[in-house]
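Report on one structure; see the data block that follows.
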Amino acid sequence: GWVTEFWDAAAAHLTEEGLNVPEYREQLIERFSNPNIAHFLSQIANDGSLKLAARAIPVYRAERAAGRDGLAALRLFAAWCDQLGAQVAAGTPVTDPSAQALADIITNAPGAASQDQTRDLVKVGDAQLAADTHAISTIHSLRGRLTD
């Protein structure tokens, strides 16, 4: 449901003529449903700071400009923050151009994540988003709650 919510938010801003967003979404669902194509979460999570900057931030900004809260895009950041925390706690290497900085942020604020930690993790990907108090407050409030 959360993927669909994010896709809906993104699709609202993909209005160029010739884009067939519904067909593309169907192709993605078909691909992700194919048991012969491996989509490992560890591979999908690689380079998270770059992927979120390229995919989630533009949707968040477009949603805010349209007067909406951008929750669907911010949820991606909360899941990423939680995953980073779990990886570092388990001793699993983080694969990201900023892996050391991300691990240091997690390590310097162990246990229950603070809002400062959330901001610092987001800042690795985008300093402007990290300065957005609505975004950081929302991301932080979602952390630890994305288990469904």
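The values are calculated or read from the model by the stated rules, or taken from the named source; none is laboratory data. These numbers come from a predicted model, not from an experiment. No Cβ is skipped: glycine too gets one built from the backbone with ideal geometry, and neighbour counts run over all protein chains shown. Each accessible area value is taken on the protein alone, full model and side chains, heavy atoms only, with ligands, DNA and RNA left out. Shrake-Rupley method; radii C 1.70, N 1.55, O 1.52, S 1.80 Å.
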Taking the condition outside any helix (DSSP H, G or I), without any contact (Cβ under 8 Å) to a residue 60 or more places away in the chain, buried (at least 17 other Cβ atoms within 10 Å of the Cβ) and not charged (D, E, K, R), does Val59 pass?
no
Those residues of region 118-131 which are open to solvent by 40 Å² or more (accessible area, probe 1.4 Å) and not β-branched (Val, Ile, Thr), in sequence order:
Arg119, Asp120, Lys123, Ala127, Gln128, Ala131
How many residues does region 4-45 contain that are under 24 Å from Val94 (Cβ atoms) and at pLDDT 85 or above?
1
If we keep just the residues of region 20-41 that are surrounded by 10 or more Cβ atoms within 10 Å (Cβ to Cβ) and among the aromatic types (Phe, Trp, Tyr), which is nearest to Trp2 (Cα to Cα)?
Phe32
Any residue in region 116-128 that is free of Cβ contacts under 8 Å to residues at least 24 places away in the same chain sitting within a Cβ distance under 9 Å of a residue that is of a type in the set (A, V, I, L, M, F, W, C) and open to solvent by 60 Å² or more (accessible area, probe 1.4 Å)? List the pairs, counting only those 6 or more apart or interchain.
Arg119/Ala131; Lys123/Ala131
Inside region 99-115, the number of residues satisfying the requirement of being within 14 Å of Trp80 (Cβ to Cβ) and either touching a residue at least 60 places away in the same chain (Cβ under 8 Å) or in a loop (DSSP other than H, G, I, E, B) (or both) is 1
What is the one condition in (1) part of a loop (DSSP other than H, G, I, E, B); (2) under 16 Å from Ala45 (Cα atoms); (3) open to solvent by 50 Å² or more (accessible area, probe 1.4 Å) that Asp96 does not satisfy?
(3)
